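The structure appears right after this line, and notes come after that.
The values are calculated or read from the model by the stated rules, or taken from the named source; none is laboratory data. Keep in mind that what you see is a predicted model, and the values were worked out from it rather than measured. We place every Cβ from the backbone using ideal geometry, glycine too, and count neighbours over all the protein chains shown. To get the accessible areas, we keep the full protein, side chains included, count just its heavy atoms, and leave off ligands, DNA and RNA. Shrake-Rupley method; radii C 1.70, N 1.55, O 1.52, S 1.80 Å.
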Amino acid sequence: QVHLVESGGGLVQAGGSLRLSCAASGIIFSLYTMGWYRQAPGKQRELVAGITSGGSTNYADSVKGRFTISRDTAKNSVYLQMNSLKPEDTAVYYCNAARGPRGLWGQGTQVTVSS
């Protein structure tokens, strides 16, 4: 079975940092583009950051310079280092694995940034 399990969310003050982790199982991890998405209350889910199987990265403009996505193929994991957090970063963060038409989602982890 395929599983994407996120961890690392929590409550942090503005200006603080969090590191999200996503552990994948049941897929050939190295073949998948991995991404982090987020969804705030009343808003659509949006792409935060993505990393291809070759290591190329892309970021939403709102997080450039503050967030860093990385992957560890040996651990079948993808990470999101979030620095200089702002209240507007508050959302449920979801891990995504994509290959061709196939897209897989984790259950999400809550990130709350207090002002």
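Excluding residues fewer than 8 places away in the same chain, name every one of the aspartates and glutamates whose C-alpha is closer than 18 Å to that of Lys43.
Within the straight-line limit of under 18 Å, Lys43 reaches these aspartates and glutamates: Asp61, Glu88, Asp89.
Taking a quarter of the surface of the Cα convex hull of the chain, what do you get in nm²? Please report the intermediate quantities before stating the final value.
On the way: hull surface 27.3 nm².
Value for the chain: 6.8 nm².
Just round it to a whole percent: the fraction of Cα-Cα distances in segment 39-106 exceeding 21 Å. Each step should come with its number before you reach the end.
On the way: 581 of 2278 pairs.
For segment 39-106, the share of Cα pairs beyond 21 Å comes to 26 percent.
Amide H of Gly108 versus every other amide H placed in the peptide plane: which residues, excluding those fewer than 5 positions away on the same chain, fall under 5 Å?
Close amide H contacts, sequence-distant or interchain: Glu6, Cys95.
If Rh is defined by the Kirkwood formula over all Cα pairs and Rg also comes from Cα, what ratio Rg/Rh do you get for segment 10-49? Present the calculation step by step, with values, prior to reporting the outcome.
Details: Rg = 13.6 Å, Rh = 13.0 Å.
Dividing the radius of gyration by the Kirkwood radius yields 1.05.
Would you grab the residues whose amide H sits under 5 Å from the one on Thr90? Only those 5+ places off in sequence or on another chain, please, with H modelled 1.01 Å from N.
The answer is Val113.
Please report the spacing between the Cα centers of segment 14-35 and segment 37-115 in Å, no decimals.
Each part's Cα centre sits 8 Å from the other's.
Name the residues whose placed amide hydrogens come within less than 5 Å of the amide hydrogen of Leu85, ignoring near sequence neighbours (fewer than 5 apart) on the same chain.
Long-range HN contacts for Leu85: Gly15, Gly16.
Of all trypsin sites (Lys or Arg not before Pro) in segment 50-101, which ones are in loop regions per DSSP and have a Cβ with at most 12 other Cβ atoms within 10 Å?
On the way: sites: Lys64, Arg66, Arg71, Lys75, Arg99; in loops: Lys64, Arg66.
Those satisfying the criteria are Lys64.
What relative contact order, as a whole-number percentage, does the chain give when Cα pairs under 8 Å and 6 or more residues apart are counted?
Values: 277 pairs, mean separation 40.9, N = 115.
Contact order relative to length: 36 percent.
Run down the lysines and flag those whose C-alpha is under 27 Å from the C-alpha of Lys75, throwing out any fewer than 8 positions away in its chain.
Lys64
Of all accessible surface on the chain at a 1.4 Å probe, what whole percent is carbon and sulfur? Walk me through the numbers before you get to the answer.
Values: 2880 of 5980 Å².
The C+S portion of the solvent-accessible surface of the chain is 48 percent.
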